[in-house]
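What follows is a set of notes on a single structure, which appears directly below.
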There are 2 protein chains.
Amino acid sequence: MKNVAISGFGITKFTRDDLPIESLMASAVKSLFVNTPNLVQKDVDAILTATSDSSKYLSSITAELTGITPKISHNVESLCNSGANCAISAFAYIASGLADVALVVGAERFDSPGLILEWDKSRGQFRHPIYWSSIFTKSHMRRYGTTKEDLAIVSAKNHKNALANPYAYFEKEFSINDIMRSKNLTEDIRLLDCSYPCSGSAAILLTSEDVTKRFTDCPIWITGIGQRTVSASFTKNHDFTAIQSTREAANDAYKMSSKESSEIDVAEVHDAFSICEIIEVEDLGFAIKGNGSKYVREMYDTQNRRINPRGGLLGSGHPLGATGIAQIIEIVQQLRGEAKKRQVEGADVGLVQNMSAAATSSTVLIMQS
Amino acid sequence: MKNVAISGFGITKFTRDDLPIESLMASAVKSLFVNTPNLVQKDVDAILTATSDSSKYLSSITAELTGITPKISHNVESLCNSGANCAISAFAYIASGLADVALVVGAERFDSPGLILEWDKSRGQFRHPIYWSSIFTKSHMRRYGTTKEDLAIVSAKNHKNALANPYAYFEKEFSINDIMRSKNLTEDIRLLDCSYPCSGSAAILLTSEDVTKRFTDCPIWITGIGQRTVSASFTKNHDFTAIQSTREAANDAYKMSSKESSEIDVAEVHDAFSICEIIEVEDLGFAIKGNGSKYVREMYDTQNRRINPRGGLLGSGHPLGATGIAQIIEIVQQLRGEAKKRQVEGADVGLVQNMSAAATSSTVLIMQS
């Protein structure tokens, strides 16, 4: 297996703009070319797009719009973790030797058809993601005493972190009180405990160890990969206080990279709702089970950016296909020491956790400088 | 790079039935399990689906419906060659070492949104594929003297071949006269020169060399892969008597497998329209340029099944995402010597050519027993 590096990136500001999906994708690729002066179109062996948009042939359209005639070209869809899945697909093309240089482009419009879980008949009328997050929230509160204030702290921390992220949708700080007083959507969840569907795009350049030096002096290597799909229907889940798919994916990623959770310096985790981050820091091994709220509260109190330094989904917005790629870009910037006001000091090992569809599937990546 | 084998398959009859896409996918997987007695659900590391259907999360839904909890799970979309792209993506996961056992499932409904080329503004109102095939037809006629009877021979041959394919949509022989008298859709193309959108599904099992023996005594190895996207818009094409994407993909596939066109014993080629097969046998190197019609006519006259033994898209029907997988299954059966009435005697080396969107992208696979 050849080693695979992330050697460049491009990203657009997340907005509510009504832009065609093709334009979003092309903008991220153009930004990547600007940031990667040694890259020319003919270098690109593969272009993979990640989106839940229903337009077809988007990878080839993006190729044409940006002057690329790739060998490998297709879209990758797996709802909210399309981005990380797409990056791993590109990793496989390179690690296997079928490609040396791959562009991975994630994008979504604010009105993505991936936002509603039409396919899950087990939910009856409760098809909006808020219902599954509400069940996770109530279960975690009941078993571990998690409070509404704990949820608000996640959101306050991530909105605050997002203030230093020039690509974030939100540009406003919210106090714990603001969040707790925001509209109640279910008994347990308020408006500001939810990530916000928006338009955005993000692109990364993956390269094999053989050619990486041509494109960057500071490659970030993907050293661990873990993935798991436990089901597609939410009601197959047997424990609503844990995310089994994330736990299994994390175990595999740690094993592949020979790293332990205690060695992770910085992590982007999939906070689609406030409760997600609390459960994820437990299932990724950063906090013991039941102590997720305490762990996040400590990050907030000490202004520690270790978890979701770019502001996560809550602070940055959630353009489905772009999210996993934007998470990866944040860890690249952190490990390069280029994250400016968001920088976590001395970050050498980073983690990305991206998931889909009521946490039924998860992807975990470990990255090192 | 690990060697990758095709170790099993399952397929459903192509129909005009109004079945949910999830049911189509699950049916092909169930057929594959029946055909592969040593395979159990927990063996499956990856499930990749190939479709242009707009439903989301289909790989994970198919996994749940068939009792699989994979590591890797996503859909692959690239219009009509989604199937072959998906197989190559699975090849990469296995060749890189990220998976040992991958299920690849292609499916489409007869009313797929991939049938109309909404995205190609360069076509103006001429968005139906019939228009690009009509331009290819007229160009090839003008330069090489190809006739309407030559086109009809392709269709007659492939419909006849399909009579021995139990999964084909068509179950009727058409004479050259029947085809030439079928409805004129454009000046050059008649109804029976066009493949037929239908519902269908097909699945293959890919395995690494390390585990292949557990599943089959007659593995078929993928030894050559070539892919090329030259554009997304049809009007970027500069020569309408050749398919540049296929020519380049074929060159790469021959090179990777150290085979020449003269060594191919049997081939499934993408005859979306009659003219396609004529041009493809030229660009794959089976006939010299301009002699495609003569070559196909000889196959017809001598009842030689070398090209499109299952009946191609013209005879079998064209459920977009399933087509590339069904092509691969035919070559597997041929190379195993299990193709019954369709068998090409002594077939050791086979080729699949699958393409998309006015031939703007092509995939070529070379397979060996």
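The values are calculated or read from the model by the stated rules, or taken from the named source; none is laboratory data. Everything numeric here is computed off the predicted structure, so don't read it as measured data. When we count neighbours, we look across all protein chains shown, and the Cβ atoms used for this are built from the backbone with ideal geometry, even at glycine. These area figures cover heavy atoms from the full protein model, side chains too; ligands, DNA and RNA do not enter into them. Shrake-Rupley method; radii C 1.70, N 1.55, O 1.52, S 1.80 Å.
Within the set of pairs 6+ apart or on separate chains, which have a first residue in the stretch B:1-23 that is within 14 Å of chain A (Cβ to nearest Cβ), a second that is open to solvent by less than 50 Å² (accessible area, probe 1.4 Å) and small (Gly, Ala, Ser), and C-beta atoms under 6 Å apart?
Partner pairs satisfying both residue conditions: B:Met1/A:Ser96; B:Met1/A:Gly97; B:Met1/B:Ala95; B:Lys2/B:Ala95; B:Lys2/B:Ser208; B:Val4/B:Ala95; B:Ile21/B:Ser55; B:Ile21/B:Ala107.
Quick one: count up the residues across the stretch A:169-216 that are assigned to a strand (DSSP E or B), at pLDDT 95 or above and out of contact with any Gly (no Cβ under 6 Å at 6 or more places or on another chain). Before the answer, list the steps.
So the first thing to find is which residues in the stretch A:169-216 are assigned to a strand (DSSP E or B), and the list is A:184, A:190, A:194, A:199-208.
Checking the rest, the ones that are also at pLDDT 95 or above come to A:190, A:194, A:199-208.
From what's left, out of contact with any Gly (no Cβ under 6 Å at 6 or more places or on another chain): A:190, A:194, A:199-201, A:204, A:206-208.
The number of residues fulfilling the criteria is 9.
Go through (1) over 19 Å from B:Ile6 (Cβ atoms); (2) open to solvent by less than 10 Å² (accessible area, probe 1.4 Å); (3) without any contact (Cβ under 8 Å) to a residue 40 or more places away in the chain and name the single condition B:Glu345 misses.
Answer for B:Glu345: the failing condition is (2).
Check whether at least one residue in the stretch B:115-128 is in contact with a Pro (Cβ under 8 Å, 6 or more places away or on another chain) and touching a residue at least 24 places away in the same chain (Cβ under 8 Å), and report yes or no.
yes
Filter the stretch A:319-342 down to residues that are touching a helix residue (DSSP H, G or I) at 6+ places or on another chain (Cβ under 9 Å) and open to solvent by 10 Å² or more (accessible area, probe 1.4 Å), then give me how many there are.
Initially, the stretch A:319-342 is screened for residues touching a helix residue (DSSP H, G or I) at 6+ places or on another chain (Cβ under 9 Å), giving A:319-328, A:330, A:333-334, A:338-340, A:342.
Keeping just the survivors that are open to solvent by 10 Å² or more (accessible area, probe 1.4 Å) gives A:333, A:338, A:340, A:342.
Residues in the stretch A:319-342 being touching a helix residue (DSSP H, G or I) at 6+ places or on another chain (Cβ under 9 Å) and open to solvent by 10 Å² or more (accessible area, probe 1.4 Å): 4 in total.
Assigned by TED's automatic domain parsing to the domain that holds A:Asn85, of a type in the set (Val, Ile, Thr) and in contact with a Lys or Arg (Cβ under 7 Å, 6 or more places away or on another chain), is that true of A:Thr49? Explain how you work it out, then say what you get.
Working: assigned by TED's automatic domain parsing to the domain that holds A:Asn85: yes; of a type in the set (Val, Ile, Thr): yes; in contact with a Lys or Arg (Cβ under 7 Å, 6 or more places away or on another chain): no.
Judged against the criteria, A:Thr49 is not a match.
Give the residues of the stretch A:252-269 that are part of a loop (DSSP other than H, G, I, E, B) and either within 13 Å of chain B (Cβ to nearest Cβ) or open to solvent by 70 Å² or more (accessible area, probe 1.4 Å) (or both), sorted by residue number. Step through it out loud before you land on a result.
To start, the set of residues in the stretch A:252-269 that are part of a loop (DSSP other than H, G, I, E, B) comprises A:258-260, A:264-265, A:269.
Result: A:Ser258, A:Glu260.
Suppose we filter the stretch B:144-162 for residues that are open to solvent by 10 Å² or more (accessible area, probe 1.4 Å), closer than 29 Å to B:Lys340 by Cβ and polar (S, T, N, Q); how many remain?
Residues flagged as open to solvent by 10 Å² or more (accessible area, probe 1.4 Å), closer than 29 Å to B:Lys340 by Cβ and polar (S, T, N, Q) within the stretch B:144-162 amount to 1.
With respect to A:Ser245, determine if the residue is at positive phi and of a type outside the set (Asp, Glu).
On the way: at positive phi: no; of a type outside the set (Asp, Glu): yes.
Against the criterion (at positive phi and of a type outside the set (Asp, Glu)), A:Ser245 does not qualify.
Looking at A:Thr62, A:Thr69, A:Thr15, A:Thr36, which one is over 30 Å from B:Arg247 (Cβ atoms) and more than 21 Å from the chain's Cα centre (by Cα)? Please lay out each step first, then the result.
Working: A:Thr62 fails: over 30 Å from B:Arg247 (Cβ atoms); A:Thr69 fails: over 30 Å from B:Arg247 (Cβ atoms); A:Thr15 fails: more than 21 Å from the chain's Cα centre (by Cα).
Of A:Thr62, A:Thr69, A:Thr15, A:Thr36, the one residue that is over 30 Å from B:Arg247 (Cβ atoms) and more than 21 Å from the chain's Cα centre (by Cα) is A:Thr36.
Which condition number in (1) outside the structural domain of B:Asp53 (by TED's automatic domain parsing); (2) over 21 Å from B:Leu115 (Cα atoms); (3) of a type in the set (D, E, K, R) is the one that B:Glu209 fails?
(1)
Tell me which of these A:Ser27 doesn't satisfy, since it passes every other one: (1) more than 9 Å from chain B (Cβ to nearest Cβ); (2) open to solvent by less than 10 Å² (accessible area, probe 1.4 Å).
Here A:Ser27 meets the rest and fails (2).
Within the stretch B:58-75, restricting attention to residues that are touching an Asp or Glu at 6+ places or on another chain (Cβ under 8 Å) and either at positive phi or facing chain A (nearest Cβ under 7 Å) (or both), which residue is surrounded by the most Cβ atoms within 10 Å (Cβ to Cβ)? Don't jump to the end; show me each part of the working.
Filtering the stretch B:58-75 down to residues touching an Asp or Glu at 6+ places or on another chain (Cβ under 8 Å) leaves B:58, B:61-62, B:65, B:70-72, B:74-75.
Of the ones still in play, those that are also either at positive phi or facing chain A (nearest Cβ under 7 Å) (or both) are B:61, B:70-72, B:74-75.
On the way: B:Ile61: 26, B:Pro70: 26, B:Lys71: 23, B:Ile72: 27, B:His74: 34, B:Asn75: 30.
Of everything passing the filter in the stretch B:58-75, B:His74 is surrounded by the most Cβ atoms within 10 Å (Cβ to Cβ).
For residues in the stretch B:348-369 being modelled with pLDDT of 95 or more and of a type in the set (A, V, I, L, M), which is surrounded by the most Cβ atoms within 10 Å (Cβ to Cβ)?
B:Val364
Being surrounded by fewer than 21 Cβ atoms within 10 Å (Cβ to Cβ), in contact with a Lys or Arg (Cβ under 8 Å, 6 or more places away or on another chain), farther than 20 Å from A:Asn165 by Cβ and touching a residue at least 40 places away in the same chain (Cβ under 8 Å) narrows it down to one of A:Ala242, A:Ala249, so name that one. Steps first, answer last, please.
Numbers: A:Ala249 fails: surrounded by fewer than 21 Cβ atoms within 10 Å (Cβ to Cβ).
The match here is A:Ala242.
Based on what the data block shows, is A:Ser195 more than 14 Å from chain B (Cβ to nearest Cβ), among the polar types (S, T, N, Q), open to solvent by 20 Å² or more (accessible area, probe 1.4 Å) and under 24 Å from A:Val332 (Cβ atoms)?
Details: more than 14 Å from chain B (Cβ to nearest Cβ): yes; among the polar types (S, T, N, Q): yes; open to solvent by 20 Å² or more (accessible area, probe 1.4 Å): yes; under 24 Å from A:Val332 (Cβ atoms): yes.
Yes: the conditions hold for A:Ser195.
Can you tell me which residue within the stretch A:223-242, out of those that are among the hydrophobic types (A, V, I, L, M, F, W, C), part of a loop (DSSP other than H, G, I, E, B) and more than 22 Å from B:Thr66 (Cα to Cα), is farthest from the chain's Cα centre (by Cα)? Full working, then the answer.
Within the stretch A:223-242, the subset among the hydrophobic types (A, V, I, L, M, F, W, C) is A:225, A:230, A:232, A:234, A:240, A:242.
Then keep just the ones that are part of a loop (DSSP other than H, G, I, E, B); that gives A:230, A:232, A:240, A:242.
Restricting the remaining residues to those that are more than 22 Å from B:Thr66 (Cα to Cα) gives A:240, A:242.
On the way: A:Phe240: 21, A:Ala242: 19 Å.
Selected residue: A:Phe240.
When B:Ala92 is evaluated against the numbered criteria (1) in contact (Cβ under 8 Å) with a residue 12 or more places away in the chain; (2) within 10 Å of chain A (Cβ to nearest Cβ); (3) of a type outside the set (D, E, K, R), which criterion, by number, is the only one it fails?
(1) is the only condition that B:Ala92 fails.
Output the residue which, of all residues in the stretch B:217-249 that are within 18 Å of B:Asn291 (Cα to Cα) and modelled with pLDDT of 95 or more, is nearest to the other protein chains (Cβ to nearest Cβ). Steps first, please.
Initial filter on the stretch B:217-249 (within 18 Å of B:Asn291 (Cα to Cα)): B:239-244, B:246-247.
Still in the running and modelled with pLDDT of 95 or more: B:241-244, B:246-247.
On the way: B:Thr241: 20, B:Ala242: 16, B:Ile243: 14, B:Gln244: 10, B:Thr246: 13, B:Arg247: 13 Å.
Going through the qualifying residues, I end up with B:Gln244.
I'm trying to understand the selection: among the residues of the stretch A:30-57, which are within 10 Å of another protein chain (Cβ to nearest Cβ) and either farther than 12 Å from A:Val105 by Cα or modelled with pLDDT under 95 (or both)? Please lay out each step first, then the result.
Here is the first cut: in the stretch A:30-57, the ones within 10 Å of another protein chain (Cβ to nearest Cβ) are A:45-57.
Scanning the stretch A:30-57 gives A:Asp45, A:Ser52, A:Asp53, A:Ser54, A:Ser55, A:Lys56, A:Tyr57.
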